[in-house]
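Trainee: Input: one structure, supplied below.
The values are calculated or read from the model by the stated rules, or taken from the named source; none is laboratory data. No experiment lies behind these values; they were computed from the predicted model shown. Positions of Cβ are generated from backbone atoms using ideal geometry, with glycine treated the same way; all protein chains shown enter the neighbour counts. Ligands, DNA and RNA are stripped out before the accessible areas are found, and what is left, the full protein with its side chains, is counted by its heavy atoms. Shrake-Rupley method; radii C 1.70, N 1.55, O 1.52, S 1.80 Å.
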Amino acid sequence: MVDTDNFTKVAEVGDIPEGEGEGYDVNGIEIAVFNTGDDYYAISNRCSHQRAPLCKAGDEKINAEDTWTGERGGLNAEACTVSCPWHLWEWDLETGEHEASGQRIGTFDCVVDGDDILVRI
Ligand code: FES
């Protein structure tokens, strides 16, 4: 039994496909929750480089010339990292660290309680 005091429900199991992430607003704080297949991780949804939304990592998108680009960035479940969709900075999902720059963004405790995915802000 998980002690869920001070946790907020953001999603239900099945809402976040394995290998992907979704963005949520919890009391005005933007977070991204990633599903590695083994576990869920909550991290700031804003890359500290130029504030790209990390939840878009791995998505296809339309570029400025209105043409589809391939996937950019994405979750690396084995390394437990996500690379930013804009300039590919790689963030550690457990520590929030970008090793090359030494910068760090917020990470949050994330638990599954029954069918609910909860985070502690
Ligand atoms: S905005 Fe994330 S790497 Fe540039």
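Trainee: Scan the range 84-96 and tell me whether some residue there is open to solvent by 50 Å² or more (accessible area, probe 1.4 Å), closer than 21 Å to R120 by Cα and small (G, A, S).
Mentor: No, the range 84-96 contains no residue that is open to solvent by 50 Å² or more (accessible area, probe 1.4 Å), closer than 21 Å to R120 by Cα and small (G, A, S).
Trainee: Residues of the range 88-100 being in contact (Cβ under 8 Å) with a residue 40 or more places away in the chain and in contact with a His (Cβ under 9 Å, 6 or more places away or on another chain), which ones? Please lay out each step first, then the result.
Mentor: So the first thing to find is which residues in the range 88-100 are in contact (Cβ under 8 Å) with a residue 40 or more places away in the chain, and the list is 89, 91, 93-94, 96, 98.
Across the range 88-100, the qualifying residues are W89, W91, H98.
Trainee: A further question follows. Return the residues of the range 57-86 that are touching a strand residue (DSSP E or B) at 6+ places or on another chain (Cβ under 8 Å), within 14 Å of the ligand (Cβ to nearest atom) and either farther than 19 Å from E22 by Cα or among the charged types (D, E, K, R) (or both); say none if nothing qualifies.
Mentor: K61
Trainee: Take the range 32-69 and flag every residue that is in contact with a Gly (Cβ under 7 Å, 6 or more places away or on another chain) and either over 20 Å from V119 (Cβ atoms) or of a type in the set (V, I, T) (or both).
Mentor: Passing the criteria: V33, I43, G58, E60.
Trainee: Oh, and also: Which ones in the range 51-89 are at pLDDT below 95 and among the polar types (S, T, N, Q)?
Mentor: Correct list: N63, T67, T69.
Trainee: Kindly indicate whether any position in the range 104-118 is modelled with pLDDT of 95 or more, open to solvent by 80 Å² or more (accessible area, probe 1.4 Å) and within 14 Å of the ligand (Cβ to nearest atom).
Mentor: Taking every residue of the range 104-118 in turn, at least one turns out to be modelled with pLDDT of 95 or more, open to solvent by 80 Å² or more (accessible area, probe 1.4 Å) and within 14 Å of the ligand (Cβ to nearest atom).
Trainee: Continuing with the same structure: Restricting attention to the range 13-42, and to residues there that are open to solvent by 60 Å² or more (accessible area, probe 1.4 Å) and touching a Phe, Trp or Tyr at 6+ places or on another chain (Cβ under 8 Å), which single residue is farthest from E71 (Cα to Cα)?
Mentor: Checked the range 13-42; the qualifying residue farthest from E71 (Cα to Cα) is E30.
Trainee: I'd like to know if the range 64-73 contains one or more residues that are at negative phi, surrounded by 12 or more Cβ atoms within 10 Å (Cβ to Cβ) and outside any loop (DSSP other than H, G, I, E, B). First the steps, then the outcome.
Mentor: Within the range 64-73, the subset at negative phi is 64-65, 67-72.
Subsequent filtering for residues that are surrounded by 12 or more Cβ atoms within 10 Å (Cβ to Cβ) retains 69, 72.
Subset that is outside any loop (DSSP other than H, G, I, E, B): none.
No, there is no match, as no residue in the range 64-73 is at negative phi, surrounded by 12 or more Cβ atoms within 10 Å (Cβ to Cβ) and outside any loop (DSSP other than H, G, I, E, B).
Trainee: Moving on. Applying the selection to the range 34-56, what residues are within 12 Å of the ligand (Cβ to nearest atom) and out of contact with any strand residue (DSSP E or B) (no Cβ under 7 Å at 6 or more places or on another chain)?
Mentor: C47, H49, Q50, R51, A52, K56
Trainee: A further question follows. Residue under question is D15, and the condition is that it be free of Cβ contacts under 8 Å to residues at least 12 places away in the same chain and either within 19 Å of I121 (Cβ to Cβ) or in a strand (DSSP E or B) (or both); does it hold?
Mentor: no
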